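Take a look at the structure set out below.
Please treat every number below as a calculation from the coordinates, not as lab data. Model, not experiment: these values are computed from the prediction. Note that we place each Cβ from the backbone using ideal geometry, even for glycine, and neighbour counts take in every protein chain shown.
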Amino acid sequence: MEFVCTHETKKNKTKWTGEITRCKGGQERCEFEIQSRGSYYHVIIGKHDYGHYVCVPDWDVGCELADYGDLFWNTECLAKQLRIADAITIATAIREIKVSL
């Protein structure tokens with residue numbers, strides 16, 4: 001499944017594509033792979049008693065999520081541990097996965 005990412009600043013707007021592969025799981029826990037901009041991410045998302053989480057084991061990243069579709073909040077949380085483009089890529093993929101679950 002392909003998706004499009006967008007990063008807007010005051011000066012410009014950048015777009016790039018990503019691809020989600022090997023998706024398995026459901027609403028409670030889902031595992032998938034993302035390829036974008038020459039990078040690879042193995043992503044695990046899920047629910048717990050108090051909300052949602054994401055884990056990117058290969059990048060030593062993990063954090064709470066808002067609803068899977070909340071691109072702004074999820075990008076902000078991931079950007080505390082990743083470069084902004086990587087955070088946008090993963091948050092956008094999570095939003096796209098939500099639609100297909």
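Where the centroid of each part is defined by its Cα atoms, how far is the range 19-37 from the range 59-88 in Å?
The two parts, judged by their Cα centres, are 15 Å apart.
Test of understanding: ordering D70, D60, D86, D49 by Cβ neighbours within 10 Å, fewest first, what list do you get?
D49, D60, D70, D86
Below 8 Å, C-alpha to C-alpha, sequence gap of six or more: please give me the relative contact order for the chain in percent.
Reported as a whole number, the value is 20 percent.
Against the globular-protein guess of 2.2 N^0.38 Å, express the Cα radius of gyration of the chain as a ratio, rounded to two decimals.
With N residues counted in the chain, Rg over 2.2 N^0.38 Å equals 0.99.
Over all alpha-carbon pairs in the range 18-72, figure out the percentage whose distance exceeds 17 Å.
38
If you fit an axis through the alpha-carbon atoms of helix 84-100 and take the longest principal axis of the Cα set of the chain, what angle between them do you get, 0 to 90°, nearest 10?
Tilt of helix 84-100: around 50 degrees.
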